[in-house]
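Take a look at the structure set out below.
The values are calculated or read from the model by the stated rules, or taken from the named source; none is laboratory data. Keep in mind the model is a prediction, meaning the values are calculated, not measured. Cβ coordinates were reconstructed from backbone atoms using ideal geometry, including for glycine residues, and neighbour counts include every protein chain displayed.
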Amino acid sequence: MPELGSNIIGIEEDRVTNTHSNDFPAYSQSLGSAWDLEEFKKKFQLNVSFITERTANFDLIGLDTSIANAFRRIMISEVPSVAIEYVYIFNNTSVIQDEVLSHRLGLIPLKVDPDMLLWVDKTADENEKFNDENTIVLSLNVVCTRNPNAVKGDNRPENLYRNSNIYARDLKFEPQGKQLTTFKDFPVVPCDPDVLLAKLRPGQEISLKAHCILGIGSDHAKFSPVATASYRLMPQIDILHPITGQDALEFQNCFPSGVVGINEKGEAYVKDSRKDTVSREVLRHEKFKGKVRLGRVRDHFIYNVESTGAMLPEEVFFKSVRVLRNKAEYIRSCPIGNLD
Amino acid sequence: MSDKEEENNQQKEETTSKTESSTVEDAEMEEDNLDYEKIKVLPGASEDGTLASFQIVDEDHTLGNALRYIIMKNPAVEFCGYSIPHPSENKMNVRIQTYGDQTAVQVLHKGLDDLSNLCEYIEDTFMAKVNAKDFATEEP
C-alpha cells in the first residue's frame, strides 16, 4: 500500500487505495500547503502529445482532480456551439416522420465558428428574436425521381432513382442580410457531409428550412462541441523484485504491447507506462505476487478531446478554461445579498 | 498574490462591508446591470461573518467542487463544503467556516480570485504550447 501523503493512487487486485486529495492545510501540516500561484507555476506542466484536425491528446500535470474535472465537464456541456434548433417543414412525403427528421437534422454537426454568432435573446419579441446576427438559415429541397438513364439489370436504388439517398451535404446555406459578406469565406456546411438523413422513392419529396442558433451542451447534447472529452490518470508500474527469463516474457504479455520491455540481461523493465490500460491482468498471476505494484499518479491527467468538427479540439479546451475563469470572475463581481 | 497586496485587499473588503448600504446605492446609481440574484447569504450566518453559507444560482459541480478545493487550500479556512440540495433546482450551496481571522466573504473572494489566476496561467501555458507547434499532428 502506498504510504500516507504519497502522490500515487494504489491499484490492488480488488480495491483502490489512497484515492483522496490530501494537499490541504487543514489535513496535515506536513502534506498540505496553502494555495500559492508561484508554487503552482513551478509544479504545473503541460505536454501536448498530438493534435490533429479532430482529436487532441495532452497531459496536464500538477493540478487537482476538481480543476481537471471542471475542464472536462465544461468541454462537454458549457462550451457553446451552433446546431439546428428550429425546422419549418413545408412538405415531407417521405416515410420518415417530421419530428424524427427534425431530430436527425438537429444532431448534424455544422462547421460554424460559434464566435461569429450572437446569443438569441430569449426575452425578445417573437418577431425580433431572430436576425442575421444570431441565426443561420439552411434549406433542404429534394425530390426523388426515376432515373431515365438507368442501366438495365442493375437493381440498386442508386441506379434506378435520382435522390434516393439524402445526405447532410444536401443542406444548402442561405446567407441572410450581412451574412452575405461576413460568411462569404466561411460558408456553412456540415462537418461530415456523408451523414444519411433520409431515403426517398420516386414521387416523394422533402422541403424545409432550418434555423441554427447558439446553444450549450447542458441544454441539448447536439450543442456539445465534443464527441468525447475525457481524462485518465497516468498509470505507474513499479517492479519491486527483478523478473527474468521466461517469467519476464509472461510479465510482458500481461500488459499492452510497448509497456514492458526486456533488456539484454533478460530482465523486464517498464518502458512506457503511459500506454498501459491498467487491466490488472498481472495481479491475477500468483508468480508475480509481491513483485509488482500498480498505481496511478494522482495529479497527472491525460486528456483526450475529440471534436465534432465545428471547432479545433485545442480551441474547445482553451474555451473551457476561459469559461471557468469567467464563472469565477463573474461571481466575484456580483454583490452578495441576503436570501429572504 | 504578495502579502502586501493581500493586506490591501482585506482592508478594502473591510471598508466595503462597513459601508455596504451606501456602496450598493452608489453602484445602483452608476449602472444597474449588476446581478443581485446570482449569490446570496443563506440565513443562519454568524454575527461576525466568519461562518456563512452562500447560495449561488445556475452553478453545479463544475464550479462547486473546484471552488471548494481552492477555498480549502486557504489556511484561514476551518471547513468548506458544497452541496446541490435538489437536482431539479439549479442552485448550489457553499458552506464556509473560518478560524476567525477572516470573514467567509473574504475567503470566498480570495478563492474566486485564486481560481481565475489558476485558469489564466493554464490558458497562457496552453496557448504557448499550441503556438509553439512542437507536437505531432498525426495520431500515432
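General observations
- Out of B:L63, B:L67, B:L115, B:L108, one residue alone is within 9 Å of chain A (Cβ to nearest Cβ), over 30 Å from A:D59 (Cβ atoms) and surrounded by 22 or more Cβ atoms within 10 Å (Cβ to Cβ). It is B:L108.
- Taking every residue in region B:125-140 that is on the phi < 0 side of the Ramachandran plot and pairing it with any residue that is modelled with pLDDT under 95 and aromatic (F, W, Y), at least 6 positions away or on another chain, the pairs with Cβ-Cβ distances below 9 Å are B:K129/B:F135.
- Checked against the criterion of being in a helix (DSSP H, G or I), facing another protein chain (nearest Cβ under 9 Å) and under 19 Å from A:N22 (Cα atoms), region B:77-86 has no qualifying residue.
- The number of residues in region A:157-206 that are surrounded by fewer than 16 Cβ atoms within 10 Å (Cβ to Cβ) and touching a helix residue (DSSP H, G or I) at 6+ places or on another chain (Cβ under 6 Å) comes to 1.
- Residue check, B:E139 loosely packed, with under 14 Cβ neighbours inside 10 Å and closer than 20 Å to A:N338 by Cα: no
- When A:Y231, A:Y269, A:Y330, A:Y303 are checked against the criterion of being under 17 Å from A:I8 (Cα atoms) and among the hydroxyl-bearing types (S, T, Y), A:Y231 stands alone in meeting it.
- Candidate set from region A:258-294 (those that are under 13 Å from A:L240 (Cα atoms) and of a type in the set (G, A, S)); member that is nearest to the chain's Cα centre (by Cα): A:A268
- Unmet requirement for A:N141, which otherwise passes all of (1) outside any helix (DSSP H, G or I); (2) crowded, with 17+ Cβ neighbours inside 10 Å: (2)
- Listed conditions (1) charged (D, E, K, R); (2) exposed (fewer than 15 other Cβ atoms within 10 Å of the Cβ); (3) touching a strand residue (DSSP E or B) at 6+ places or on another chain (Cβ under 9 Å); (4) not in a helix (DSSP H, G or I) are all met by A:K209, apart from (2).
- For region A:53-101, filtering for residues that are free of Cβ contacts under 8 Å to residues at least 24 places away in the same chain and more than 14 Å from chain B (Cβ to nearest Cβ) leaves 4.
- Unique match (being facing chain A (nearest Cβ under 9 Å), at pLDDT below 95 and not in a helix (DSSP H, G or I)) among B:D134, B:D101, B:D48: B:D134
- Residue within region A:226-237 that is of a type in the set (F, W, Y), buried (at least 20 other Cβ atoms within 10 Å of the Cβ) and out of contact with any Asp or Glu (no Cβ under 6 Å at 6 or more places or on another chain) present: no
- Residue selected from region A:34-46 under the condition more than 8 Å from every other protein chain (Cβ to nearest Cβ) and not acidic (D, E), by the criterion farthest from A:G217 (Cα to Cα): A:K42
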